[in-house]
Every structure is written in C-alpha cells, then in structure tokens.
Amino acid sequence: MTTDYGLADGFVAACRGVIARTAPQAQVIDISHAVPPQDVRRGAAVLAQNVPYMPPCVHLAVVDPGVGTARRGIVVVAKEGVLVGPDNGLLLPAADALGGVEAAFELVAEEYRLTTVSHTFHGRDIFAPAAAHLTLGVEPSAFGPELDPVALVHLPDPQVVIANQKLTSEVLAVDHFGNVQLAATVRDIIATGLLLPGASVRVKVGMHTVDATVGRTFDDVEPGEALVYVDSAGHVAVAVNQGFASSLLMVNQRTAIAEIER
C-alpha cells in the first residue's frame, strides 16, 4: 500500500479492514502513508522507487485529488506486478519500473467493490476490494473493459536541463531527513561534467544559494556542510551532513527548481 492518507485518521485502517475481510490470508506491506496530501508526483516517485524491492504482489496506491470525478479507477498489469489505483499518472512510473505496462482495465465491475460506494473514499470502497480480489486470483480482465495503455493519464516529464556544465532540475522529493532529491539522474550529472568527487559546486533554489561539495557519502563533508551526491534511487540529491538541506534551501518540493553549477 502507498497512500497520502497519513496515520492520524482511520483511512488506512479502513482499507486494511476491507482487504482482511475479503482476503484474510493476504499479507499487506506498507510502503508509505506519508505522501504529501494530493501530491501525485511525489506518490508516483515513492511507489516507483520502491516496487523493485517488493515481492511479486498487487500494489494498491491511492493519491487521488480527483476522487469522485470522471477520472477512472484502473488496474494495470505490468510484466512483474499488478497495480490498482486512480488513472491520474500515479501508477505508470511504477509500472515502468516493473517491466512496463502489458495491459490495463477499468474498475467498473460492481461485484468487486463495496455495496455502497462513497464519492470521496474510493480507496476503501473500490481500490482496496479490487486489490484484495486480485490476490485471490480474480483475473484483471474481470474488472471491466480493457484500456489502451497509451490513453492512460501520464504525468508530465519533470524539467531537467543540461547546459554549459550546469544542471537545472525540478525537485522531485524532500525526504524525512531533509535531503532534496532532484528529478535529474546520475546520467544527467555525468553529462554535465560535475560528478567529480571533492569538486566544489553551488546549489541554488529560488533566492537561496549554498556552496556544496560533490561526494558519495554524507561523511565526505563536515557536519553542517552541504553535499551533492547520487542517492540510493540513482537521482541527484542535496544533503547537509547532520542537518536539513530542505531548510537551508527553503525548498517547496511541488514548485522548486534547483540549479547546480561550478
């Protein structure tokens, strides 16, 4: 499960309860329920970066600001897994990480949802029951008409620009430790010529600028100093040893653009 439901309310418990009632033997693994509210791009990134480490399974993902509208509920069959959630771009990066989309179906079959469906909680009423039934062996095609994968909603590609030994990239995420993950990958920073351990660079987000060192581990810089590195997901990231890069750069991850140059 991956959602933006948080743990202060009962939303996650309700979904887990529906799964337990439908498929008592199903094991539920929580990837995250702390995706920032309505942040579909962040949810997509969290999901895509973690699905390769999950066992073969059904992925239930809900970050759904369009709940109750005309947006579709879907089940996506990838080469190495099945994903259930809204058709808003949330599932497709993860599907790519699982080998690519092989088929997709709309969730319309009433026998695989709760008897009463609310306008605002499709995670409980539609997506959780569908995921549970899939674990019981119901074929994805039983949920509704097949969809053209090309017609599914795709998130716009994040901005990444490489020019004159300068990397400009959209901020993809800020993690629990205040590390700032960029959409740029290791290939992007290699192309700039900036990936030289020990090199000094300047990182700018909006009006805030910090001097940083290119490194591999947090301990490559002194406590309180900034580091540019390639994180465990293969993305360029900015950290502060024993500190918070997000605070230093005043990052709003939904709108921020970072620049890295010598």
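The values are calculated or read from the model by the stated rules, or taken from the named source; none is laboratory data. Since we're looking at a predicted model, the values are computed, not measured. Cβ coordinates were reconstructed from backbone atoms using ideal geometry, including for glycine residues, and neighbour counts include every protein chain displayed. Side chains are part of the model used for accessible areas, which takes the heavy atoms of the whole protein and leaves out ligands, DNA and RNA. Shrake-Rupley method; radii C 1.70, N 1.55, O 1.52, S 1.80 Å.
Brief remarks on what is shown
- Here the extension length gained between residue 115 and residue 80 equals 9.5 nm, from 0.36 nm per residue of separation less the Cα-Cα distance.
- Taking all protein chains into account, the per residue accessible area for the chain stands at 49 Å² (1.4 Å probe).
- Share of carbon and sulfur in the accessible heavy-atom surface of the chain [1.4 Å probe, %]: 52
- Taking 252, 164, 88 in turn, the Gaussian network model of the chain (Cα-Cα springs below 10 Å) assigns the largest fluctuation to 164.
- Convex hull volume of the C-alpha atoms in region 22-75, normalised per residue: 111 Å³.
- Qualifying trypsin sites (Lys or Arg not before Pro) in region 66-140, where qualification requires a DSSP coil assignment and no more than 13 other C-beta atoms within 10 Å, comprise 79.
- Heavy-atom accessible area ranking, 1.4 Å probe, most first, across 225, 139: 139, 225
- Over 24 Å [Cα-Cα, region 10-137], rounded percent: 18
- Checking [x] 0.98; [y] 1.00; [z] 1.03 against Rg/Rh (Cα atoms, Kirkwood Rh) calculated from these atoms, the matching label is [z].
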